[in-house]
1. Here are some residues: S56, S13, S36. Which one is polar (S, T, N, Q), without any contact (Cβ under 8 Å) to a residue 40 or more places away in the chain and touching an Asp or Glu at 6+ places or on another chain (Cβ under 8 Å)?
2. Tell me which residues, restricted to segment 22-36, are surrounded by 15 or more Cβ atoms within 10 Å (Cβ to Cβ), in a helix (DSSP H, G or I) and either touching a Ser or Thr at 6+ places or on another chain (Cβ under 7 Å) or of a type outside the set (F, W, Y) (or both).
3. Can you name the residue in segment 37-58 that is out of contact with any helix residue (DSSP H, G or I) (no Cβ under 8 Å at 6 or more places or on another chain) and in a loop (DSSP other than H, G, I, E, B) and, of all such residues, is surrounded by the most Cβ atoms within 10 Å (Cβ to Cβ)?
4. Collect the residues in segment 59-78 that are surrounded by 14 or more Cβ atoms within 10 Å (Cβ to Cβ) and in a helix (DSSP H, G or I), keeping them in residue-number order.
Amino acid sequence: MTDIDKNKLRWRSRRGLLELDLLLVNFVDDGFDELSPVEQGHYRRLLEEEDPDLWSWFSRNATAEDPHFAALVEHILQRVQP
C-alpha cells in the first residue's frame, strides 16, 4: 500500500463522531497492515456503513449482521480493550 493509498484510507476512516475517529484512524495507523488482503477489503466496505450503525457496533449495543463486519469490529475493539 502506498503512502497516498494509506492517507486516503485514513481520511475515509474519519467519521462524524470523535469516538469513531479515534478508533478507526488509530487502527489504520497501527493495525490495518496486519490484516489479510481479504480483511482489508472488509474494512473498506465497513467504512461505507452509516455512523449510527458503526457506533452501535463499536459500543456493543448491537452486532453487525455481516459476520465479517462483526469479526472486524471485535478485532478493532480488542486492540484497545484487551
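We did not get these values from a lab; they are worked out from the coordinates using the rules stated. Values in this document were obtained by computation on a predicted structure and should not be read as measured data. For neighbour counting, all protein chains shown are included, and Cβ atoms are generated from backbone atoms with ideal geometry for every residue, glycine included.
1. Numbers: S56 fails: touching an Asp or Glu at 6+ places or on another chain (Cβ under 8 Å); S36 fails: touching an Asp or Glu at 6+ places or on another chain (Cβ under 8 Å).
Just a single option satisfies the conditions, and that option is S13.
2. Residues satisfying the conditions are L23, L24, V25, N26, V28.
3. As a first pass, look at segment 37-58 and keep what is out of contact with any helix residue (DSSP H, G or I) (no Cβ under 8 Å at 6 or more places or on another chain): 37-38, 41, 48, 50, 52-53, 56.
From what is left, the residues that are in a loop (DSSP other than H, G, I, E, B) are 48, 50.
Details: E48: 7, E50: 10.
Of everything passing the filter in segment 37-58, E50 is surrounded by the most Cβ atoms within 10 Å (Cβ to Cβ).
4. H68, F69, A70, L72, V73, E74, H75, I76, L77
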